[in-house]
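K.L.:
Can you keep this structure in mind? I'll have questions shortly.
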Amino acid sequence: MERATPTGAKCGAGYTFAPMQTRVAASRLAGLSLILIGCGGGGSSGGAPHSGSAGSPGSSGTAGMAGGTPLAGSSGGSGMATQGGSGGSGGAPVAGTGGDGGHAGAGAGGAIGGLGGMSGSAGANSAGAASGASGTSGASGTSGASGTAGAGGLVYSGPGCSVPVRENDEPMLLSQTGCVDPTDPTKAASTLVPYDVNSPLWSDGAAKERYLSLPTGTKIHVKDCSAEPDTCKSVDDGGTAEDEGHWDLPVGTTLVKVFLLAGARIETRLLMRVTDTQWRGYSYEWNEAGTDATLLPDQKDKVFGAQTWHYPSRSQCLACHTEGAGRSLGPTTAQMNRDYTYAGGSMNQLDKFEALGAFDHVPPRIAPYPSPSGNADVDARARSYLHANCAICHRPGATVSDMDLRFETPFADMALCNQVITANEDDLTLPRMRLVPGDPTNSSLSYRMHASTGQRMPKLGSNVVDADGTALIDQWITSITSCP
Ligand code: HEC
Ligand code: HEC
């Protein structure tokens with residue numbers, strides 16, 4: 001099952017888990033481009049008699065590389081490939097002997113329950129060995145033929161920080177992504193640039209760190225309506241969806257966000273532009289010792305003290321990182337126009353990126369969004385909050401396109417004031433209007449932010465009501481005296 005590829009990387013079950021070396025070597029050969037290394041290929045590699053690879057490709061559809069040899073125990077790779085969708089590979093009867101512990105673990109998850117890779121995420125060598133032995137369902141695997149999107153093993157290979165090399169043979173640990181210092185994963189890799197935003201997403205009270213990894217030699221383009229009016233036409237007229245000042249990040253850019261509760265790292269998210277049109281997001285769950293984080297195959301809820309933390313699935317990433325908002329959300333001039341305390345001292349972030357030579361042309365300055373917790377007037381702060389937290393879905397071209405909560409949109413054009421709701425409009429227990437001047441209680445906008453289940457907004461990823469945020473929006477609604 002071990003097949004050499006044109007770049008020398010190995011495919012299928014025989015792929016030994018030394019992705020950094022393999023990946024770096026491949027990337028040297030291939031530069032920054034997408035390379036086809038001939039793995040996968042519609043699942044043809046799944047065919048070992050006992051391999052029992054995923055019967056169904058699961059949500060990722062990339063089970064093409066599944067399967068594997070009866071001996072290697074690394075057929076667990078297909079467990080990962082199914083992303084918990086359909087139960088991964090059966091693992092081999094004598095599994096767990098390979099050095100590929102992480103993948104064996106993943107596969108074992110599928111073998112045991114047929115319920116998905118979640119349980120495999122432990123990925124420990126021992127887990128692989130133990131459950132590999134129980135992977136008797138190997139024989140019942142129908143072969144990797146069902147892996148549809150092996151698609152010739154489309155692989156992104158970039159130097160430095162990147163998301164998993166390929167969907168079905170993923171590095172399990174954050175320390176293997178190139179985004180962190182492998183000897184101390186709590187530190188970002190030295191090539192990453194840290195940044196902060198003026199108006200953050202409410203993340204259930206978690207503290208956050210953010211970093212940007214720009215591939216060597218590439219430049220950020222910032223959408224500039226005066227220099228390139230065509231891009232600012234409506235999408236129907238050939239323009240691009242995102243706003244003026246949006247940073248168009250080059251292919252190969254990886255963004256990193258770290259979440260901390262009570263000072264402890266709990267999650268790291270990686271979001272990468274893998275092609276011109278394709279972005280991928282992944283969540284890594286930190287271990288309790290805080291020494292490393294493991295790639296999650298699917299969404300997960302975990303209790304921390306009084307709160308339940310939600311680790312989003314890969315598709316949930318893109319449900320907030322909408323195409324209409326430009327996929328990457330924070331890096332826009334109005335969000336980035338602020339000071340940051342770098343190792344060498346404090347500096348405006350726009351100046352910093354300029355000094356790094358990161359832009360293809362110096363972007364025009366745009367006034368910073370006011371901090372929702374700052375001193376600006378209530379209207380500006382509320383609009384800033386709605387922009388960052390809600391307009392990613394509530395804007396033209398996104399999920400609910402008839403409501404426009406962007407900062408720059410005039411109040412009269414937001415489709416809020418005395419506008420009847422469109423979702424569950426027959427439910428008489430709900431506020432009828434999106435916003436009633438002076439009356440937060442009867443405004444859906446406020447009601448939904450106060451809700452803890454069901455009607456809760458933001459729609460995804462948050463379980464804890466934002467006390468400051470709801471107070472700000474209520475204060476704003478109260479201050480509005482009439483509709484325009
Ligand atoms: C509830 C909506 C939501 C979900 C779900 C979500 N994000 Fe985000 N994310 C945001 C917003 C809004 C920002 C920008 C504001 C900020 O950084 O606080 C952001 C910022 C980021 C950043 C920093 C770069 C950027 O685009 O601003 C990364 C990296 C990131 N998210 C990764 C992910 C990944 C990976 C997932 C899925 C595992 C995910 N996010 C799920 C809303 C979301
Ligand atoms: C991940 C995308 C997403 C985010 C982020 C989001 N929403 Fe929504 N919102 C939706 C969807 C989808 C609906 C319609 C379905 C439903 O009612 O749940 C909706 C419906 C609503 C409605 C009812 C509109 C109507 O006409 O019935 C309001 C009001 C609303 N959202 C407010 C907010 C506010 C305020 C925020 C930010 C705190 C927010 N949303 C963030 C996706 C989102």
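K.L.:
Which FRET efficiency, nearest 0.05, do residue 420 and residue 181 yield, Cβ-Cβ r, R0 45 Å?
P.N.:
Here the calculated transfer efficiency is 0.25.
K.L.:
Can you give the FRET efficiency to the nearest 0.05 for residue 278 and residue 377, using r as the Cβ-Cβ distance and R₀ = 35 Å?
P.N.:
After rounding, the FRET efficiency stands at 0.30.
K.L.:
So what is the diffusion coefficient of segment 233-318 in µm² per second by Stokes-Einstein at 37 °C and 0.692 mPa s, using a Kirkwood Rh over Cα pairs?
P.N.:
219 µm²/s
K.L.:
Work out the FRET efficiency for residue 441 and residue 467 from their Cβ-Cβ distance, taking R0 = 22 Å, and round it to the nearest 0.05.
P.N.:
The value I calculate is 0.85.
K.L.:
Do the alpha carbons of any pairs in 352/459; 300/352; 257/300; 233/352 sit beyond 25 Å of each other, and which pairs?
P.N.:
352/459; 300/352; 233/352
K.L.:
Just subtract the alpha-carbon distance of residue 339 and residue 287 from 0.36 nm times their residue separation and send over the number in nm, one decimal.
P.N.:
15.5 nm
K.L.:
Let me ask something else. I need the shape label for segment 174-355. Rule: rounded when a/c is under 1.5, else prolate if a/b > b/c, else oblate, with a, b, c from the alpha carbon gyration tensor.
P.N.:
prolate
K.L.:
So how compact is segment 274-376: Cα radius of gyration and Dmax in angstrom?
P.N.:
Just the Cα atoms of segment 274-376 yield Rg and Dmax of 17.8, 48 Å.
K.L.:
Which net charge results when you count Lys and Arg as +1 and Asp and Glu as -1 among the other residues whose beta-carbon is under 10 Å from that of residue 300?
P.N.:
-3
K.L.:
If a/c stays under 1.5 just call it rounded; otherwise compare a/b with b/c (prolate if a/b is bigger, oblate if not). Do that for segment 421-463, with a ≥ b ≥ c from the square roots of the Cα gyration tensor eigenvalues.
P.N.:
Because a/c hits 1.5 or more and a/b fails to exceed b/c, segment 421-463 counts as oblate.
K.L.:
Just check segment 378-479 against the gyration tensor rule for me: Cα atoms, a ≥ b ≥ c as the square roots of the eigenvalues, rounded for a/c under 1.5, and otherwise prolate or oblate depending on whether a/b exceeds b/c.
P.N.:
Cα axes put segment 378-479 in the rounded bin.
K.L.:
For residue 319, what charge total do you get from the other residues with a beta carbon under 13 Å from its beta carbon, if Lys and Arg give +1 and Asp and Glu give -1?
P.N.:
+2
K.L.:
Related question: Which GluC sites (Glu not before Pro) in segment 210-310 pass both tests, a DSSP loop state and at most 10 other beta-carbon atoms within 10 Å?
P.N.:
288
K.L.:
So, one more: What's the local net charge at residue 358, with K and R +1, D and E -1, over the other residues with C-beta under 13 Å away?
P.N.:
That sum, taken over residues with Cβ under 13 Å, equals -2.
K.L.:
Can you work out the base-10 log of I(q)/I(0) for segment 180-280 at q = 0.18, 0.19, 0.21, 0.23 1/Å, using the Debye formula on its C-alpha atoms alone?
P.N.:
Those come out to -1.00, -1.06, -1.18, -1.28, one per q.
K.L.:
Viscosity 1.002 mPa s, temperature 20 °C: Stokes-Einstein D of segment 315-427 from its Kirkwood Cα radius, in µm² per second?
P.N.:
In µm²/s, the coefficient is 133.
Rule-based calculations on the coordinates, nothing more; no lab input. Since the structure is predicted, the reported quantities are computational estimates derived from the model, not experimental observations. Ideal geometry is used to build each Cβ from the backbone, glycine not excepted, and the neighbour counts take in all protein chains shown.
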